[in-house]
Every structure is written in C-alpha cells, then in structure tokens.
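Below is one structure, written out as structure tokens; the observations come after it.
The values are calculated or read from the model by the stated rules, or taken from the named source; none is laboratory data. Everything quoted here is computed from the prediction, not taken from an experiment. Positions of Cβ are generated from backbone atoms using ideal geometry, with glycine treated the same way; all protein chains shown enter the neighbour counts.
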Amino acid sequence: MVDTLFLGIAVLTIVSAIAALEMRSLIYGGLALMGTLGGIAGFFILLDSPFVALFQIAVYVGSIAVLILFVIMLVKRELIFQKKEDPKRRYAGIGLMLIIMISLGAVIFNSGISSITTDEPSVDYREIGKDFLTYYWPALVVMALVLSSSITGALVLARRHDGVEDEQRTD
Amino acid sequence: MSNELIDFVIVSVALLAIGIYGLSVKRNFIRMLFAVEIIINAANLNLVAFARFLPHSGGQTFALFSIAIAAAEVAVGLALIIVAYRMYQNIDVADFRSLKG
C-alpha cells in the first residue's frame, strides 16, 4: 500500500518529466526537468538513502540543471521556442511508449517482485564510505580520471578555432 | 515501511518509457539530452530501490558512480551542442548531416 507522500512525489516526477519534453519553451522545459530530478531525490529519501539523495541534489539539481539552463540561454531565441516534429513520428513514439509501459509493467507484475518486503534496517552511509575506500578504490580512481578527461574534452571541444579573441587582443 | 519495491519499479518503468518516447520523437538536441537524463534517473531509482529492499550497499554505491559519470556525460554533451550550434546555427539534429571538421 502506498502512502500519500509517495503518490505526491510520483505525480510530481512523472508530470514534470512529461512537461520537460512537451513544454513549448526550452527554458520552462529545463525548469520542469529540475522538478523531475528533485522528485527522484525525494524517492531516494523515501528509500532511506539520504546520502544518495544529497548527492543527487548537489550534482543534478544544483549543477547539471543549471548548466543546461545556461546552454539554453546561449542559443538563439527563435530556436528555444521552435518545435518541429513529424505528427506520424509522434503517434509512433506514443505507441512505443505505451507498448514499453504495458509490456514491462506486465512482466514486473507477474514476476516475484511484488512479494519482496523487508524489515531490515537500511544500509548505513558509513558502510558506503568504507566500501568506496576499500573494495571500490580502483573504480574511484578510474572515475576521477574519467571526470577530469571529460572536462578536458569538453573544454577542447567548446574552444573557439577562428582566433577571434587573438585578433581582438592585438588591436 | 509502507511502500513496496514494486511501486518504485513501476515509477521507474514509467520514466523509462517517457524517456524513450522523447528520444525517438524529439529532434531538438537539448530535448534529447533531457530524455537521456530522465532515462538515467529511472535507472538510478531502480538501483537504489533494489539496494533498499535486498539490504546491500552495492546498489547505492553503484548509483553514486552512475550520478558522477552522468555529470561527465552531460558536460561533453553540452560542449557538443555548443560546437554543433556554432557550425550549423541550429540545434535540430536533422540538420547535422555532415561530420566534417
């Protein structure tokens, strides 16, 4: 049996996910995406995982959503409101969505998942920290390398190649 | 705990289906990135839900790794959007025909 808090967060998450994709303005879409990400953080708190929820808020709601909003503001005004899509493709997409929902939902309802319940306490975040520094330390090092190389890659990609700034500097 | 595992999994399936709809219908690069974010979040919700109900720390650890990698992915994706916008003055993926430098 679900409680009202779960129901509220679920409605917020799903409605704002649809709004993020269907809003006419990309800026409002980005704000709706923030709602979805915040709703997922709420689910993490309901699942007794406050550490992951905090990480989700700091990384997703705090930085990724803001980064996306800044990139939206960098593009032309008419592109933000432009909405070109093929109606046939749209109906096919809605059909695909319903097929996935119904088939995966049927598989899940018929599987043994519904009988899984737990009375055990949730995992302590101290245990997660210990795992990170003992069992998963090679993965942590690789993740640090991936993050720094992706930042370098992003900087190299977004650099200007036409030398406009150099010319301005010589003037 | 009044919520069951299946409730969280159903929400996750709904988010996955919405994300796949967006990825297949939308032609706007930034909206496709939104759809990818929604799908990644559905996966993270699944990981944390299963970690709670089969008490094991592996799911939460993996979700943390996944969030960090998603941050890297978004940084590169947004840089690609800026490069493509500079090249084509547009963010419609149907216009990105050429991969020439």
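For the stretch A:117-127, the criterion of being more than 22 Å from the chain's Cα centre (by Cα), farther than 30 Å from B:Ser2 by Cβ and of a type in the set (D, E, K, R) is met by none of the residues. Of all positions in the stretch A:137-148, none carries a residue that is surrounded by 13 or more Cβ atoms within 10 Å (Cβ to Cβ), among the hydroxyl-bearing types (Ser, Thr, Tyr) and outside the structural domain of A:Val52 (by TED's automatic domain parsing). Take the stretch A:94-150 and flag every residue that is part of a loop (DSSP other than H, G, I, E, B) and either within 7 Å of chain B (Cβ to nearest Cβ) or farther than 23 Å from B:Phe53 by Cβ (or both). Result: A:Ile116, A:Thr117, A:Thr118, A:Glu120, A:Ser122, A:Val123, A:Thr134, A:Tyr136.
Pairs are defined by a Cβ separation below 8 Å, a sequence spacing of at least 6 or placement on different chains, a first member in the stretch A:153-166 that is outside any loop (DSSP other than H, G, I, E, B) and at pLDDT below 85, and a second member that is of a type in the set (A, V, I, L, M) and surrounded by 11 or more Cβ atoms within 10 Å (Cβ to Cβ); the pairs so defined are A:Ala158/B:Ala79; A:Ala158/B:Ile82; A:Ala158/B:Val83. Quick check on the stretch A:67-89. Is at least one of its residues closer than 18 Å to B:Leu45 by Cβ and in a helix (DSSP H, G or I)? No; the residues of the stretch A:67-89 include none that is closer than 18 Å to B:Leu45 by Cβ and in a helix (DSSP H, G or I). Do we find that B:Ala79 is among the hydrophobic types (A, V, I, L, M, F, W, C), modelled with pLDDT of 90 or more and under 23 Å from A:Leu140 (Cβ atoms) in this structure? Judged against the criteria, B:Ala79 is not a match. Given the structure, is A:Ile100 under 30 Å from B:Ala75 (Cβ atoms) and either among the acidic types (Asp, Glu) or assigned by TED's automatic domain parsing to the domain that holds A:Ala32 (or both)? Criteria not met by A:Ile100. Suppose we keep only residues that are within 10 Å of the chain's Cα centre (by Cα), more than 7 Å from chain A (Cβ to nearest Cβ) and within 25 Å of A:Gly95 (Cβ to Cβ) within the stretch B:34-75. Which one would you say is surrounded by the most Cβ atoms within 10 Å (Cβ to Cβ)? Among those residues, the one meeting the criterion is B:Ala42. One residue alone among B:Ala43, B:Ala84, B:Ala75, B:Ala68 is part of a helix (DSSP H, G or I) and farther than 24 Å from A:Ile40 by Cα, and that residue is B:Ala84. The residues of the stretch B:23-32 that are more than 7 Å from every other protein chain (Cβ to nearest Cβ), among the aliphatic types (A, V, I, L, M) and either closer than 18 Å to A:Met101 by Cβ or surrounded by 22 or more Cβ atoms within 10 Å (Cβ to Cβ) (or both) amount to a single one, B:Leu23.
Criterion applied to A:Leu67, A:Leu54, A:Leu7, A:Leu12 was being surrounded by fewer than 20 Cβ atoms within 10 Å (Cβ to Cβ), modelled with pLDDT of 90 or more and under 18 Å from B:Leu64 (Cβ atoms), and the one residue passing it is A:Leu54.
Say whether the condition of being crowded, with 20+ Cβ neighbours inside 10 Å, of a type in the set (Val, Ile, Thr), in contact with a strand residue (DSSP E or B) (Cβ under 7 Å, 6 or more places away or on another chain) and within 27 Å of A:Arg159 (Cβ to Cβ) is met by at least one residue in the stretch B:85-98. Within the stretch B:85-98 (the criterion being crowded, with 20+ Cβ neighbours inside 10 Å, of a type in the set (Val, Ile, Thr), in contact with a strand residue (DSSP E or B) (Cβ under 7 Å, 6 or more places away or on another chain) and within 27 Å of A:Arg159 (Cβ to Cβ)), the answer is yes, since at least one residue qualifies. In the stretch A:15-41, the residue that is surrounded by the most Cβ atoms within 10 Å (Cβ to Cβ) out of those that are out of contact with any Gly (no Cβ under 7 Å at 6 or more places or on another chain) and polar (S, T, N, Q) is A:Thr36. Total residues in the stretch B:1-22 satisfying the condition of being at the interface with chain A (Cβ under 7 Å from one of its Cβ atoms), touching a helix residue (DSSP H, G or I) at 6+ places or on another chain (Cβ under 6 Å) and under 14 Å from A:Leu47 (Cβ atoms): the figure is 6. Checked against the criteria, A:Ile99 counts as farther than 19 Å from A:Phe51 by Cβ and not basic (Lys, Arg). Whenever a residue of the stretch B:4-33 is assigned to a helix (DSSP H, G or I), its partners that are among the aromatic types (Phe, Trp, Tyr), lying with C-beta atoms within less than 7 angstrom and at least six residues away or across chains, give the pairs B:Leu5/B:Phe53; B:Asp7/A:Phe6; B:Phe8/A:Phe43; B:Gly22/B:Phe34.
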